[in-house]
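Notes follow the structure.
Nothing in this text is a laboratory measurement; each read-out follows from the coordinates by a stated rule. Fair warning: this is a prediction, and the values are worked out from it, not measured in the lab. Methodologically, a virtual Cβ is constructed for each residue, glycine included, from the backbone with ideal geometry; neighbour enumeration extends over all protein chains shown.
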Amino acid sequence: MAEYSALSLLANALKGNKDWKPAWRKPDPKASYDVIIIGGGGHGLSTAYYLAKEHGISNVAVLEKGWLGSGNVGRNTTAVRSNYLLPANTRFYEHSMKLWENLSHELNYNVMFSQRGCLNLAHTPAQFDDYARRGNAMRHLGVDAELMTPAEIKRLIPALDISDRARFPVVGGLMQRRAGTARHDAVAWGYARGADRRGVDIIENCEVTGFLRDGDRITGVTTSRGDIRAKKVAVAVAGSTGRVMQLAGVETMPIESHVLQAFVTESLKPFIDTVVTFGMGHFYMSQSDKGGLVYGGDIDGYNSYAQRGNLPIVDEVMSEMLALFPGLARVRMLRSWGGVCDMSMDGSPIITTGPLPGMYLNCGWCYGGFKATPASGWCFAWTIAKDEPHDFNAAFTLDRFHRGLVIDDKGQGANPRLH
Amino acid sequence: MLITCPYCGPRDVIEFTYQGDGNRERPDPASQNFEAWNAYVYDRLNPAGDHNEIWQHSGGCRAHLRVVRNTLTHEISSVAFVRGDHASAARRKAEGQS
């Protein structure tokens, strides 16, 4: 019987809810493992889950510096989509979308995946043409996409200022109906429980302070809770990639760490039932089940590990929100926070073996890592288990910059703050 | 975040444009050293701590500045002109000492 079901809920309710097992154990680290995963965020936990489930490798430790899910998996704006232009990205993110569609069932954990659609607004005919091109590229690879007219958009989002008097009038949009949102914390907890029940040790408050080496080969890590050896050491630390790789003696990476802020308003009655993005700036918004509008914009634009940003971006994001939804002018912002993003040089991720023997690397998620969580773990687990990438992540190499094989969906060039 | 421009004094960060990592060395334009170009374009130190970076006071005097800023705290410990001390150079020129 599934651990969580209507029956188990009822049975535990009758017994005063005293018999629930913790979703994951709190084990002490063993002296050695087959695989160590550094980073107990969404990607590290999903990697551990798929290593155990798909490849039968369960002698695995996930090492987390803080508490589980305290990093970007708990800080994002929860949007899930696969509306990319370039085939390598589209295939990968569509694989992720398919895993999302069955995730609650697979994990026996309600991740509240809601396919409420994601609409990119176009504000000029040229932008609308560009969306048509992207939509066609998506449909060519079997991903759903449809163009919408202003009248259709008005019916979908009544609060949107669709008039000619808007600061940037809306001329149309590109909709992916299968896109949506998921409850980010539940994703971390669901993967953690799934991995834990298959024998993976999730070790919190365990900071990696260095690497154990035999010549060039990585043979384990030193941590705040002692040395731990492993045949394979996988790094999935997002914004901390530079710091962790420097511990391994890799001085430079094609990554810059930047801070991205996010915001939530006080709870409102149902206001918007889709994810909408602004085309004349960088703004995206959805409404949580609790009623708060969850929204964000661009990264602050300078290197930062601070997990907090500055006011100019706050001002910009609010302006963009009001350009689309003038009716929100009196709504109060409840909370804002920041997360550290591993901005890569072409805006696409890295999931690869190496760069040192015995090491595996997962990074470069920019500020779009949440939607990738299932496929990132799935592909990283494959890469770790088989010592070679799956087709889905074969293009996401570390040496693609050196070889001129960049995957630059936005066409921005090697400028991480613009991706 | 305030940046103290050597010309203009302390100004809000909104007046400045970030121009990125100041540790990179651009190879000579005629250079065909592939590795040097690759390092210039793609490789970053990305330190957690003091970071040497270039900002332009684009909403003010437009000078390019070399700033040392802590990426963990956003604290700025030094601001200087990218190419030496422009002000004293200008003064010397005006006084006919160049």
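Charge dipole (Cα centre; +1 on Lys/Arg Cβ, -1 on Asp/Glu Cβ; no other charges) of region B:2-94 amounts to roughly 520 debye. Computed from backbone phi, the HN-Hα couplings of region A:347-352 come to x, 10, x, 10, 9, 7 Hz, rounded to whole numbers (Karplus: 6.51 cos²θ - 1.76 cosθ + 1.60, θ = phi - 60°; Gly and Pro given as x).
In this structure, the amide hydrogen of A:Tyr305, modeled 1.01 Å from its nitrogen in the peptide plane, lies closer than 5 angstrom to those of B:Leu72, counting only residues at least 5 positions away or on a different chain. Going Cα to Cα from A:Lys410, which aspartates and glutamates come in below 13 Å? Please leave out same-chain ones fewer than 8 positions away. Leaving aside aspartates and glutamates fewer than 8 places away in the same chain, those within reach of A:Lys410 are A:Asp130, A:Asp346. Relative to its residue count, region B:1-53 spans a Cα convex hull of 109 Å³ per residue. Mean projection of the Cα convex hull over all viewing directions, computed for chain A: 20.8 nm². Residues whose amide H comes within less than 5 Å of that of B:Arg44, counting only those at least five positions distant or on another chain, are A:Met253, A:Ile255 (H built at 1.01 Å from N in the peptide plane).
For region B:2-94, what D do you get in µm² per second when you plug the Kirkwood radius from alpha-carbon pairs into Stokes-Einstein at 4 °C and 1.567 mPa s? The calculation lands on 89 µm²/s. Between the alpha-carbon centers of region A:46-114 and region A:346-380, tell me the distance in whole angstrom. What the calculation gives is 12 Å, centre to centre. Taking a ≥ b ≥ c as the square roots of the eigenvalues of the Cα gyration tensor, region A:92-151 is classed as prolate, since a/c reaches at least 1.5 and a/b is larger than b/c.
Considering only A:Ala151, A:Val264, A:Ser348, the residue lying farthest towards the positive end of the dipole of chain A is A:Val264, judged by Cα position with unit charges set on Cβ. Decide, for region A:171-262, between rounded, prolate and oblate: order the square roots of the alpha carbon gyration tensor eigenvalues as a ≥ b ≥ c, take rounded if a/c falls under 1.5, and otherwise choose prolate if a/b is larger than b/c, else oblate. Verdict is oblate for region A:171-262.
Could you compute the longest span of chain A free of chymotrypsin sites (Phe, Trp or Tyr not before Pro) located in DSSP loops and having at most 13 other Cβ atoms within 10 Å, not counting the site residues? That would be A:68-419. Taking Cα centre as origin and charging only the Cβ of basic (Lys, Arg, +1) and acidic (Asp, Glu, -1) residues, the dipole magnitude of the protein assembly as shown rounds to 880 debye. Helix-only arithmetic for chain A: the sum of -39500 (n - 2.57) across DSSP H runs with n ≥ 4, divided by the residue total, places the mean residue ellipticity at 222 nm at -8500 deg cm²/dmol.
Of the peptides B:8-14, B:52-58, A:196-202, the order by per-residue mean of other Cβ atoms within 10 Å, starting with the highest, comes out as A:196-202, B:52-58, B:8-14.
For region A:23-153, taking the reciprocal of the average inverse distance between every pair of different Cα atoms yields a Kirkwood hydrodynamic radius of 17.7 Å. Each principal axis of the Cα cloud of region A:340-419 was taken in turn, and the coordinate range along them, longest first, works out to 34, 28, 22 Å.
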